[in-house]
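I am attaching a structure below and will ask some questions about it afterwards.
The values are calculated or read from the model by the stated rules, or taken from the named source; none is laboratory data. Keep in mind it's a predicted model, so treat the numbers as computed, not measured. We place every Cβ from the backbone using ideal geometry, glycine too, and count neighbours over all the protein chains shown. Heavy atoms of the whole protein, side chains included, go into the accessibility calculation; ligands, DNA and RNA do not. Shrake-Rupley method; radii C 1.70, N 1.55, O 1.52, S 1.80 Å.
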Amino acid sequence: MSTQQKQHIIILGAGVIGLTTALVLQRSGKYQVLIVSEHKVSSPSLDSKVIKVDDFEFRDPTTVPALKMASPYSGSHWRAISTNTEEQLQKCELQTYNTFMSLVKSNPAIPVKIVEGNDIYTFENTSSTWHFDHMHDFSVIKPSELPKGIKMGVKYKTLIINSPQYLVWLFNEFTKLGGLFKQAKVNSLRQLELFVNKFGPSNLPVSQLTIINCSALGSAHLTDVKDRKMHPIRGQVVVVYAPQVNRTVTKIGGKFMRYVIPRGDGTVILGGTHLAHDYNSTPNDQTTEEILAETLELVPELILDHSLVDPKQKLAQIKKKVLAVKVGFRPARLGGTRLEHDKIYGYSGNTIKVIHNYGHNGYGVQSSWGYANMVYSMLQQSKL
Ligand SMILES: Cc1cc2nc3c(=O)[nH]c(=O)nc-3n(C[C@H](O)[C@H](O)[C@H](O)COP(=O)(O)OP(=O)(O)OC[C@H]3O[C@@H](n4cnc5c(N)ncnc54)[C@H](O)[C@@H]3O)c2cc1C
């Protein structure tokens with residue numbers, strides 16, 4: 001199909017949802033996609049500040065303002081969040097699991113890896129078990145192997161996604177296929193109409209433009225969206241250097257979920273907190289201490305000196321490996337993700353078709369391919 005024949009799509013947002021949606025549409029060959037976004041993640045520049053732990057040089061890749069973009073702050077790993085009754089999210093999570101599994105095998109350069117995932121519960125989990133039948137190498141952990149206070153545990157092959165690097169990978173894949181990008185902030189979806197000239201001389205009438213809204217928390221502020229259901233869920237994580245850790249452990253239940261996610265480059269994310277409607281982007285020192293102490297109990301191999309028994313000494317060891325403490329904001333939405341058709345009126349009164357794809361809370365990475373495929377199907381069904 002020539003560029004002139006392709007349907008023109010503008011995607012608002014270059015987080016994991018915008019980029020994955022853009023890649024799926026651009027790759028189909030049916031659409032010419034332009035991403036417009038205020039922020040985009042790039043690899044840290046060589047002159048950025050270096051933090052050294054052992055021989056490891058860490059340049060902070062997470063410099064985008066946290067309230068403006070969640071994706072680089074994400075752990076991330078794949079761990080089903082959908083319950084046994086949430087069919088749409090189940091479908092998106094499973095498709096994403098399978099897509100990542102094949103991408104890892106076919107793209108050695110992708111910053112995603114397969115590792116053993118351990119989910120342990122302080123209660124008998126009966127409400128989110130649907131995925132047990134679908135995970136590679138799934139098994140139930142023997143009760144004798146479970147830590148104190150844990151009622152149930154499962155193991156399976158999961159995926160770890162180095163979010164900042166993965167965003168760069170997605171962007172590069174998109175532009176290699178001819179995808180277009182414009183860095184800009186808009187105050188409304190209709191303002192995106194002003195960017196149609198970026199498609200070049202092959203301009204189609206604005207009436208044939210479709211906008212995909214992947215602006216996450218931005219949707220609370222766009223004047224023609226103003227989604228009051230959107231709100232942040234604050235999450236604090238600690239980044240440590242521990243290349244020996246090669247499994248994820250997530251403890252579900254208790255005040256906060258605690259998790260350990262290696263990133264495949266020697267760094268490990270230790271989390272975390274879930275505080276809804278909390279906009280404070282400054283890390284809390286007490287929280288950092290609690291995260292370090294509790295994740296160390298879950299994953300003793302976070303420190304190499306196994307002769308240490310005193311918790312204070314162990315804590316002192318892990319503190320020496322801290323590279324950064326970060327606060328991110330999950331783009332949550334009351335009632336769940338908004339995936340639906342809509343329309344807005346452009347500047348000349350013309351109708352512009354819109355598909356909303358935002359509000360992915362704490363599961364945006366692990367459901368990203370599923371939601372992108374859903375948008376593709378919605379475009380196909382409406383014969384755009
Ligand atoms: C601590 C933490 C841990 C997490 N762990 C996991 C995990 O393990 N697994 C998982 O799947 N998910 C995890 N998440 C959730 C995941 O990060 C989010 O669901 C996901 O990043 C949302 O992506 P997004 O593209 O929708 O939003 P964002 O990444 O927030 O992107 C929004 C984009 O829209 C742009 N934008 C917004 N408004 C405008 C405007 N007016 N004009 C121009 N551009 C605009 C922004 O610049 C940005 O590019 C975690 C999140 C946090 C904070």
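Sort 112-119, 213-220, 100-107 for me by packing, meaning the mean count of neighbouring Cβ atoms within 10 Å per residue, highest on top.
Going by the mean number of other Cβ atoms within 10 Å, highest first, we get 213-220, 112-119, 100-107.
May I ask you to list the lysines whose Cα is less than 19 Å away from that of residue 314, ignoring any residue fewer than eight positions away on the same chain?
Residue 314 reaches 148.
Let me ask something else. Using DSSP to define loop residues, name the chymotrypsin sites (Phe, Trp or Tyr not before Pro) in the range 248-300 whose beta-carbon has at most 12 other beta-carbon atoms within 10 Å.
Sparse-neighbourhood loop chymotrypsin sites (Phe, Trp or Tyr not before Pro): 279.
Also: In Å and on Cα atoms, what radius of gyration and Dmax does the range 235-312 show?
When restricted to Cα atoms, the range 235-312 yields Rg and Dmax of 12.8, 42 Å.
May I ask for the angle, rounded to the nearest 10°, between helix 16-27 and the longest principal axis of the chain, with both axes built from Cα atoms and the value confined to 0 to 90°?
Roughly 50 degrees, rounded to the nearest 10.
Hey, how many Å between the Cα centroid of the range 333-358 and the Cα centroid of the range 1-48?
18 Å
Using each residue's phi in the range 338-347, evaluate 6.51 cos²θ - 1.76 cosθ + 1.60 at θ = phi - 60° and report the 3J(HN,Hα) Karplus result to the nearest Hz, with x for Gly and Pro.
So the J values, rounded to whole Hz, are 9, 10, 6, 6, 7, 9, 10, 9, x, 5.
Kirkwood hydrodynamic radius of the range 75-208 from all distinct Cα pairs, in Å?
18.4 Å
Hey, what's the per residue convex hull volume over the C-alpha atoms of the chain, in cubic angstrom?
Considering the Cα atoms of the chain, their hull volume per residue is 144 Å³.
Between residue 48 and residue 185, what is the spin-label point distance in nm, taking each point 7 Å from the Cα along the Cα→C-beta axis?
For residue 48 paired with residue 185, the spin-label model returns 2.0 nm.
At 7 Å along Cα-to-Cβ for each site, give me the label-to-label distance between residue 30 and residue 157 in nm.
In this crude label model, residue 30 to residue 157 measures out at 3.1 nm.
Counting only helical runs of four or more DSSP H residues, what would the 222 nm mean residue ellipticity of the chain come to if each run contributes -39,500 (n - 2.57) and the total is spread over all its residues?
-7000 deg cm²/dmol
Just from the alpha-carbon atoms, what are the Rg and Dmax of the range 6-130 in angstroms?
Expressed in Å, the Cα Rg and Dmax of the range 6-130 come to 18.2, 52.
If you don't mind, another one. Which values, in whole Å and largest first, are the semi-axes of the equivalent ellipsoid of the range 66-129 obtained as the square root of 5 times each eigenvalue of the Cα gyration tensor?
Each semi-axis is the square root of five times an eigenvalue, giving 23, 17, 14 Å.
If you don't mind, there's one more thing I want to ask. Give me the compactness ratio for the range 214-349, meaning the Cα radius of gyration over 2.2 N^0.38 Å.
1.36
Also, I was wondering about something else. Once the dipole of the chain is set up with Lys and Arg at +1 and Asp and Glu at -1 on Cβ about the Cα centre, which of 110, 46, 15 lies farthest towards its positive end?
Towards the positive end, the residue furthest out is 15.
Which residue, 133, 60, 265, has the most motion in a Gaussian network model of the chain that connects Cα atoms within less than 10 Å?
The residue that fluctuates most here is 133.
Quick check: the distance between the Cα centres of the range 84-129 and the range 263-292, to the nearest angstrom?
22 Å
Something else: Tell me, what is the per residue accessible area of the range 113-264 in Å², probe radius 1.4 Å?
Computed with neighbouring chains in place, this is 44 Å² per residue.
Here is a follow-up. List the trypsin sites (Lys or Arg not before Pro) within the range 237-286 that DSSP assigns to loop and that have no more than 14 neighbouring Cβ atoms inside 10 Å.
255
Explain nothing, just compute: Karplus ³J(HN,Hα) = 6.51 cos²θ - 1.76 cosθ + 1.60, θ = phi - 60°, for every residue of the range 237-249 in order, whole Hz, x for Gly and Pro.
For the range 237-249, the Karplus curve yields 10, 10, 9, 10, 9, 7, x, 6, 7, 10, 8, 9, 9 Hz.
In nanometres, what is the gap between the two model label sites at residue 351 and residue 146, each 7 Å from Cα along Cα-to-Cβ?
5.5 nm
I would also like to ask the following. Any idea what the dipole of the chain comes to, in debye rounded to 20, about its Cα centre with Lys/Arg Cβ at +1 and Asp/Glu Cβ at -1?
840 debye
Over the range 235-336, what percent of the accessible surface lies on carbon and sulfur atoms, probe 1.4 Å?
52 percent
Continuing with the same structure: Restrict the search to the range 168-199; then list the trypsin sites (Lys or Arg not before Pro) that DSSP places in a loop and that have at most 13 other Cβ atoms within 10 Å of their Cβ.
Taking the range 168-199 and a limit of 13 other Cβ atoms within 10 Å, the loop trypsin sites (Lys or Arg not before Pro) found are 185.
Per q in 0.10, 0.13, 0.20, 0.25 1/Å, what log10 I(q)/I(0) does a Debye calculation on the alpha-carbon atoms of the range 285-376 return?
Log-scaled intensity ratios, in q order: -0.53, -0.68, -0.97, -1.18.
Return the long-range amide H neighbours of residue 252 (sequence gap of 5 or more, or a different chain), with a cut-off of under 5 Å between placed amide H atoms.
120, 121, 122
Related question: Report, to the nearest 10°, how far helix 285-298 tilts away from the longest principal axis of the Cα atoms in the chain, using its own Cα long axis and a range of 0 to 90°.
70 degrees
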